[in-house]
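*Asks:* Pasting in a structure now, in structure tokens, and then I'll have a few things to ask.
We did not get these values from a lab; they are worked out from the coordinates using the rules stated. Just so it is clear, the structure is predicted and the values come from calculations on it, not from any experiment. Here the Cβ positions follow ideal geometry from the backbone for every residue, glycine too, while neighbour counts run over all protein chains shown.
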Amino acid sequence: MSAETATSPTPVVVCNEDDLAVGEARRFDVGGHRLAVVRGHDCWFAINDECSHADFSLAEGDVDLDDCTIECWKHGSFFSLTTGAAETLPATRPVAAYPVVVKDGEVLVTIQTPNTGGAGGAS
Ligand code: FES
């Protein structure tokens, strides 16, 4: 039978598809959340825009689309754009990753409640 949750997160528009170039990351503040949104070749990513090591913006770091990572500019930790996992030290904890869809030229991010994980990387 139905097992719908009582509060389904709603996708929110963060920008237009043309606002970011391929390989670009940018910070967006949406609903009290800081998001680092990244445009890939044929996909988009959204992760929490606060490094898990200290409060620095990940959107200001370098994007590597081949490895699907973004580097924290402060101390050099790499984070997965798809899962938010911290792949290198000094960060050890993940950041949240959020599902992204593009619809009619608009980029929409679904901001889920904490501890549900995320699944970034939608085309
Ligand atoms: S603040 Fe990001 S690795 Fe230290």
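*Asks:* For Val30 and Thr10, calculate 0.36 nm times their separation in residues minus their Cα-Cα distance, and state this gained length in nm to one decimal. Intermediate values should be presented prior to the final figure.
*Replies:* On the way: separation 20, 0.36 × 20 = 7.20 nm, distance 1.20 nm.
Taking 0.36 nm per residue and subtracting the Cα distance, the gain is 6.0 nm.
*Asks:* Hey, rough spin-label estimate for Val22 and Leu89, points 7 angstrom out along Cα→Cβ, what's it come to in nanometres?
*Replies:* Taking the two extended label points, one gets 3.7 nm.
*Asks:* Shifting gears a bit: Sorted by average packing, counted as other Cβ atoms within 10 angstrom per residue and highest first, what order do 90-101, 10-21 take?
*Replies:* Details: 90-101: 19.0, 10-21: 14.3.
Ranked from most to least packed, the peptides come out as 90-101, 10-21.
*Asks:* Obtain the nm distance between the two label points defined at Asp104 and His41 by a simple spin-label model: each point lies 7 Å from its Cα along the Cα-to-C-beta direction.
*Replies:* Going by the 7 Å Cα→Cβ label model, 3.0 nm.
*Asks:* Now for a different question. Comparing Gly61, Gly32, Gly40, which has the greatest mean-square fluctuation in the GNM of the chain with Cα pairs linked when under 10 Å apart?
*Replies:* Ranking Gly61, Gly32, Gly40 by mean-square fluctuation puts Gly32 first.
*Asks:* Sort largest first and round to whole Å: the equivalent ellipsoid semi-axes of the chain, each the square root of five times a Cα gyration tensor eigenvalue. Intermediate results must be reported in sequence, preceding the final value.
*Replies:* On the way: eigenvalues 100, 63, 30 Å².
Ellipsoid semi-axes (Å, largest first): 22, 18, 12.
*Asks:* Suppose a student asked you for the relative contact order of the chain, using Cα pairs under 8 Å spaced at least 6 residues apart; what percent would you report?
*Replies:* Numbers: 292 pairs, mean separation 30.9, N = 123.
Relative contact order of the chain: 25 percent.
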